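Comments concern the structure below.
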Amino acid sequence: MRRVRPGAASRGSAERALTSVAAGEAYESEAHAGHGSQARERAEGETVQAPRLWHVTLSVSGAEAPLKELRRGLEQLAHDHPFLLTSRYAPDHAEIRYWEEARDLHDAAAVALRLWGEHRQSAQLPPWEIVGLEVIDRDTYHQRIAEGYGPLPATPVGVHPF
């Protein structure tokens, strides 16, 4: 039996469309009440997945860049997007770690894969390519930490050299 999310396109069809994740009933306000009720009507009869937390590690690499400019760019990215936990960098590669709230792994990975490219110009980041991506759910992250392996806890928070 093949498992498919409701509304998911087959691999042979057009590119998968990303949708935003609803904040849930606890966030409903007068300003958002109309949007939330429409979402519930569309989802009637369907199982609606609540957003989950995903730990993301994004690795980028490319030609050497001046460390001072690279650090400034990563700090600007962290300032613009305070969800970033930590960034580590060297002249020719960097690693960014953060928590992402998304409906499923596919959505979290899609956001992560766009992060560097979409903010390259605004944060003046080098034109590096993504060379690695790990997305794990919160339970897996905490299980790895408890067992003594996996990504080390993101401390100290901030931008640091490797």
Percent RCO, i.e. relative contact order, over segment 71-162, from Cα pairs under 8 Å lying at least 6 residues apart: 40 percent
Residue-level accessible surface for residue 157, protein heavy atoms, 1.4 Å, Å²: 100 Å²
By the scheme Lys and Arg +1, Asp and Glu -1, what is the net charge of all other residues having a beta-carbon under 11 Å from that of residue 59? -1
The percentage of Cα-Cα pairs in segment 68-118 separated by more than 14 Å is 55 percent
Can you work out the Karplus-derived ³J(HN,Hα) for every residue in segment 131-137? Use 6.51 cos²θ - 1.76 cosθ + 1.60 with θ = phi - 60°, whole Hz, and x for glycine or proline. 10, x, 8, 10, 10, 10, 6
With every protein chain kept in the model, how would you rank 87, 61, 122 by accessible area, 1.4 Å probe, largest at the top? 122, 61, 87
Per-residue ³J(HN,Hα) for segment 63-70, Karplus 6.51 cos²θ - 1.76 cosθ + 1.60, θ = phi - 60°, Hz, x for Gly and Pro: 4, 4, 10, x, 4, 4, 5, 5
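The values are calculated or read from the model by the stated rules, or taken from the named source; none is laboratory data. All figures in this text were calculated on a predicted structure; none of them were measured in a lab. Cβ sites come from the backbone with ideal geometry, for glycine too, and all protein chains shown count toward neighbours. Just the protein is used for accessible areas: all its heavy atoms, side chains included, with ligands, DNA and RNA removed. Shrake-Rupley method; radii C 1.70, N 1.55, O 1.52, S 1.80 Å.
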